[in-house]
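Asker: Structure in structure tokens, see below.
The values are calculated or read from the model by the stated rules, or taken from the named source; none is laboratory data. Treat the numbers as computed from the prediction; the structure is a model and nothing was measured. Quick reminder, even Gly has a Cβ in these numbers, built from the backbone with ideal geometry, and neighbours come from all protein chains shown.
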């Protein structure tokens, strides 16, 4: 079972940025426009539940596969379903992963931003994030490799991922400790 904080951070970082693509995918395969938001929420619930068991290695294909399977199940439960609709839906996942020049440029730009965000992290924090997220080592393996405690690895991972998400969303990408975050909130409230 994956820690809830880790799942939340993963969900915010990996899944929520894909919401426009998911919405377009559901809209293109949903007969009732009013159902799109509900279906998207159902997909999110299924993704989150699966991620609590084990985080997927690739969020985008996992999300679209989950969405496709959910839409197929919904279509099968419907009173009247055309065979063409279900077969089109089953084949649609191939169209999503088609590489286009726009997607290639976008991926390259996003990679540069991630790299810049990682470079802004303190050395130990950057090393923890790279070992966990890029090399795929477990928390225990990272702790052993860096000769630190598991709690330290988990703490550095949380700080690093928060800073990286902040940077990717247009923020400074600076690590904010709990006391600093509290002071910032108090300053904002007093304004």
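Asker: Here are some residues: 46, 60. Which one is closer than 22 Å to residue 166 by Cα, at pLDDT 90 or above and surrounded by 12 or more Cβ atoms within 10 Å (Cβ to Cβ)? Steps first, answer last, please.
Answerer: Numbers: 46 fails: closer than 22 Å to residue 166 by Cα.
60 is the lone residue from the list that is closer than 22 Å to residue 166 by Cα, at pLDDT 90 or above and surrounded by 12 or more Cβ atoms within 10 Å (Cβ to Cβ).
Asker: Check off (1) in contact with a helix residue (DSSP H, G or I) (Cβ under 6 Å, 6 or more places away or on another chain); (2) not in a helix (DSSP H, G or I) for residue 72 and give me the number that stays unchecked.
Answerer: For residue 72, the failing item is (2).
Asker: Further question: Can you tell me which residues in region 26-40 are over 30 Å from residue 129 (Cβ atoms) and assigned to a helix (DSSP H, G or I)? Steps first, please.
Answerer: To start, the set of residues in region 26-40 that are over 30 Å from residue 129 (Cβ atoms) comprises 26-39.
Once the filter is applied, which keeps residues that are over 30 Å from residue 129 (Cβ atoms) and assigned to a helix (DSSP H, G or I), region 26-40 yields 26, 27, 28, 29, 33, 34, 35, 36, 37, 38, 39.
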